[in-house]
Amino acid sequence: MDLALSNADDEELLLDLLNTTPVVDGSPTDTLADHRAAASWLTGHGLSTSREEWQALLRARAILQAIVRGEETPSALQPILAAAELIPTATEAGVRWQLTGATGAVRAALAWDGLRITSPGRLRPCANTECHLFLIDRSKPNTARWCSMAVCGNRMKARRHHSRNRAG
């Protein structure tokens, strides 16, 4: 049985985490490269600024980026999810599930799984191979290709136009 255990905040955390390795002026960068720089990012996402949280997020990011790019299988998430536990409680309204051990890394992994279940194929890398960003396509036809139409979309369209005109 698939159980989607994420919310919009966790999806935002996931996308922001995936997008912490942008290419800036042609060079790959890492927003979370060192613990001090990562502290404001962690705080901004309501996470602990501990070294353990930071290191777990770095591991989760590498695995999740590889999964979304199709370079890794979801089983690679097992070490991240090992500490998480779901506890069911029967209430008047039904069964309520409480997640314990929900670090930022666990929340991001569960958000990925929630998107896999509810929105298959909508989380993907930008189609610009020089870009390291990801997107969640929320369009009805599921045809978004770029992290940003204004940046990567225009850049790629301009390249195609230039190459067609040069060839013709």
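Read the figures in this text as sums done on the coordinates, not as results from a lab. Just so we're clear, the structure is a prediction, and the values are computed from it rather than from any experiment. When we count neighbours, we look across all protein chains shown, and the Cβ atoms used for this are built from the backbone with ideal geometry, even at glycine.
What residues have an amide H closer than 5 Å to that of residue 123, excluding those fewer than 5 places away on the same chain, when H is modeled at 1.01 Å from N in the peptide plane?
137
Determine ³J(HN,Hα), in whole Hz, for all residues of region 68-76 in sequence, where each value follows from phi through the Karplus function 6.51 cos²θ - 1.76 cosθ + 1.60 and θ = phi - 60°; x replaces Gly and Pro.
5, 7, x, 9, 8, 9, x, 4, 5
Along each principal axis of its Cα atoms, how long is region 1-152 end to end? Whole angstroms, biggest number first, please.
Taking the Cα atoms of region 1-152, the three principal extents are 54, 41, 26 Å.
Out of the GluC sites (Glu not before Pro) in region 54-112, which ones are loop residues according to DSSP with at most 10 other C-beta atoms within 10 Å?
Answer in residue order: 71, 92.
Sorting 95, 151, 106, 68 on the 10 Å Cβ count, fewest up front, what's the list?
Ascending Cβ contact count within 10 Å gives the list 95, 151, 68, 106.
What is the magnitude of the charge dipole of region 9-51 about its Cα centre, with +1 placed on the Cβ of each Lys and Arg, -1 on the Cβ of each Asp and Glu, and no other charges, expressed in debye to the nearest 20?
Value, rounded to 20: 300 debye.
Under a Cβ-Cβ limit of 4.7 Å, which cysteines in the chain have nobody to pair with?
152, each lacking another Cys Cβ under 4.7 Å.
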